[in-house]
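Only one structure is covered here, and it is reproduced in the block below.
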Amino acid sequence: KGPKPGRGGGLASKVFSATTLALLLIAATSVSFYQVRTAAAGKEDKGKQASGSKDEENSNYVYGLLIAGVALIGNAAVGALRKILSKYNIGSAQQVGLATLIQGVTAIVQCVFSGDLDVGPNFMASLPPRAFWVAAVSGSVLNSVVKTLETNAFSTTDMSLCVPFLAFDPVMQFVVGVAVMPVACSHLGFGCDEAGKSYPNYHVLSVLCIACGAFMLGRGTGGPVHRKPGTRYVGPLPLGSVMIILNCVIYGFTSRLDKLAIKSAGKTLYYAYGRLLMASTTLGGSYMSGGITMREIRKFTNPKVMGLIVAICVADAVYMLSLYQAFAWISPVYVTAIKRGGGILLSSILGVTLFGETMAGRTFPILTICFGVTFLCL
C-alpha cells in the first residue's frame, strides 16, 4: 500500500499540499498588489489633479476603516460574552431576543430625546420612507437568523474553530457585490452603487487565500487537531463551523439591506427599529415553538446571567452602531474585511486565554486567512 494522500508520503503530495498552495497564493497576491500599486503611482506622477470630492472619498475611506476596527473589537467581545453565557444553559433565541429587546427599547428612548423620532402630532410624518421599512424588515429577519445561528455555534463548538470561518464573510461580500448586485440593479434598482465597481486581481487572489486558509483549518493542516468528544461534525467540519459559513452567506445580503436602510433614515433610527424587529422575530419564534416557559424565564433572574446580558447589549451596541457608520462611508467588502481579519485573531486568542481552547495546528491557517482578509481591504 502506498502512502495516504496529503500525509507527506510522496513528492506529489508535498507539491500539491494545501500548505504549498497557500504559500503560492500568498506570494501571488503580494506580487499582484505590488504591480497594481506601482501602476497607480505611475499614473499619479503623470498628472496630479486632486479634487475636493476625491479628497473627501479618501477621508471617508480612512474613517470607515477606523470605525470598522472599533466594530471588530465589539464583535469579538460579544462572541466571548455569549460563550460565557452559554454555560448557564440559556437558549440561543431567548438570549438574542432579550438582548435585542433591551437594545431596541433603549434606542427608541434615545431617538425620542434626540428628536429623531416625534411622538406627538407629527409622529406619522417622522416615520422613515417605504424603502426603509422594506430593507429594515427584511434585514432584521435575516439578522435574527444570523444572531441565533452564531450564538448556537459558539455554544456548541470551540470559539477558535468557529471564529476563523467568519473569514468567509468578506468572501461572500465580494461574491455578492460582483455576481448579484449587477443583476439586482438592472431588475430592482437595488445596489447600483456597487454594480459598476471593479476589483483588482489581488482582491480575487485574496479571496482564494481566505478559502484555502479555511480549508486548512477544517482539515487540521499544519499540526495535530483532534476532534473534541461530544462535538457534532458535518463531514470534516464541526457543526458550529458550518453554521458560521451559512451566516456569512446570509450576511452577504443583509449588509446591503442595512446600507439601504441607513441611507433612508440614519443609523440610530435603523438600529432602534432593527433591534425591536429582531426581538419580535426571535422571541415570537421561540414562543410559537414552546421555547419560552417559566423554567426558561427563571434563568434570567440570576444576577450573573442578567449582568452578562447587559454586557452583551453594550458590546453589541458598540459593534452594530460602528458597523452601520462604516457601511455609510465605505463598501461592505472593506468593512467586513477589517472586522473579520482582526476579529479572527482577537477572538481566537480570547478562546485560548478564557476558555482553555488549543491553537495546535491552527496558527498557519489563521495567519493565511488574516493575510487574505487584510489584502482584500487594501
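In the full protein assembly as shown, how much of Ser186 is accessible to a 1.4 Å probe, in Å² to the nearest 10?
Taking all protein chains as shown, Ser186 has close to 80 Å².
Just list whichever of Lys197/Lys259; Lys87/Lys267; Lys83/Lys259; Lys197/Lys339; Lys259/Lys304; Lys299/Lys339 have alpha carbons separated by over 25 Å in the model shown.
Values: Lys197/Lys259 16 Å; Lys87/Lys267 33 Å; Lys83/Lys259 29 Å; Lys197/Lys339 21 Å; Lys259/Lys304 35 Å; Lys299/Lys339 32 Å.
Beyond 25 Å between Cα atoms: Lys87/Lys267; Lys83/Lys259; Lys259/Lys304; Lys299/Lys339.
Ranked highest first by the average count of other Cβ atoms within 10 Å around their residues, in what order do 272-284, 98-110 fall? Let's see the in-between values first.
Working: 272-284: 22.6, 98-110: 20.0.
Ranking the peptides 272-284, 98-110 by packing returns 272-284, 98-110.
At 1.4 Å probe size, with every protein chain present, just tell me what the per residue accessible area of region 68-216 comes to in Å².
Working: 5950 Å² over 149 residues.
Accessible area per residue: 40 Å².
What's the whole-number percent of alpha carbon pairs in region 228-344 lying beyond 20 angstrom?
Values: 4116 of 6786 pairs.
That tail contains 61 percent of the Cα-Cα pairs.
Please compute the modelled spin-label separation between Thr106 and Thr19, points set 7 Å along Cα→Cβ, answer in nm with one decimal.
Using points 7 Å along Cα→Cβ, the separation is 4.6 nm.
With a cut-off of at most 15 other beta carbons within 10 Å, and DSSP calling the residue loop, which trypsin sites (Lys or Arg not before Pro) in region 120-208 qualify? Please list them. Don't skip to the answer; put the middle values down first.
Numbers: sites: Arg130, Lys147, Lys197; in loops: Lys197.
Answer by residue number: Lys197.
Taking a point 7 angstrom from the Cα of Asp193 along the C-beta vector, which residues in region 106-142 have backbone N less than 19 Å away?
Only 128-140 fall inside the zone, counting backbone N under 19 Å.
Give the distance, in whole Å, between the Cα centre of region 102-148 and the Cα centre of region 152-198.
Going from one Cα centre to the other spans 24 Å.
The values are calculated or read from the model by the stated rules, or taken from the named source; none is laboratory data. If you're wondering where the values come from, they're calculated on a predicted model, not measured in any experiment. Note: ideal-geometry Cβ built from the backbone for every residue, glycine included; neighbour counts use all protein chains shown. Areas reflect the complete protein model, heavy atoms only, side chains present, ligands, DNA and RNA absent. Shrake-Rupley method; radii C 1.70, N 1.55, O 1.52, S 1.80 Å.
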